[in-house]
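Chemist: Dropping a structure here in structure tokens format, bear with me for questions.
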Amino acid sequence: MSMKHLEEILWSFKFRKRKSPEVNRNDFLKTIPFFEHLTEKQLKTMGQHLHERRYEENEYLFEANHPGASLFIIMRGEVCCRNF
């Protein structure tokens, strides 16, 4: 198995699509100023690319000075910065 294939498997597992019955993705995106000017079609397209994930308390989302690979939209809770 190639490293690229392994990475694809890991990313697909980490970001499995899960539909949340309690939240309409388009309606949720409309509440975020960054997305408020998108058309319904654009919102639908964005919604199809969202991947929900729950994080445990004190779990790291990303580390400083590492290249970004995702856009995080926090639906509930908060994120804090820790300097080590």
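Read the figures in this text as sums done on the coordinates, not as results from a lab. As the structure is a prediction and not an experimental result, all values here were calculated from the model. With ideal geometry, Cβ positions are generated from the backbone for all residues, glycine too; neighbour counts draw on all protein chains shown.
Chemist: Based on the mean of other beta carbon atoms within 10 Å per residue, what is the order of 24-31, 39-46, most packed first? Show your work: numbers first, answer last.
Modeler: Values: 24-31: 14.1, 39-46: 12.0.
Going by the mean number of other Cβ atoms within 10 Å, highest first, we get 24-31, 39-46.
Chemist: To continue, here is another question. Multiply the residue gap between Ile32 and Met75 by 0.36 nm, knock off their C-alpha separation, and tell me the result in nm, one decimal place.
Modeler: Values: separation 43, 0.36 × 43 = 15.48 nm, distance 1.04 nm.
Value of the extension gain: 14.4 nm.
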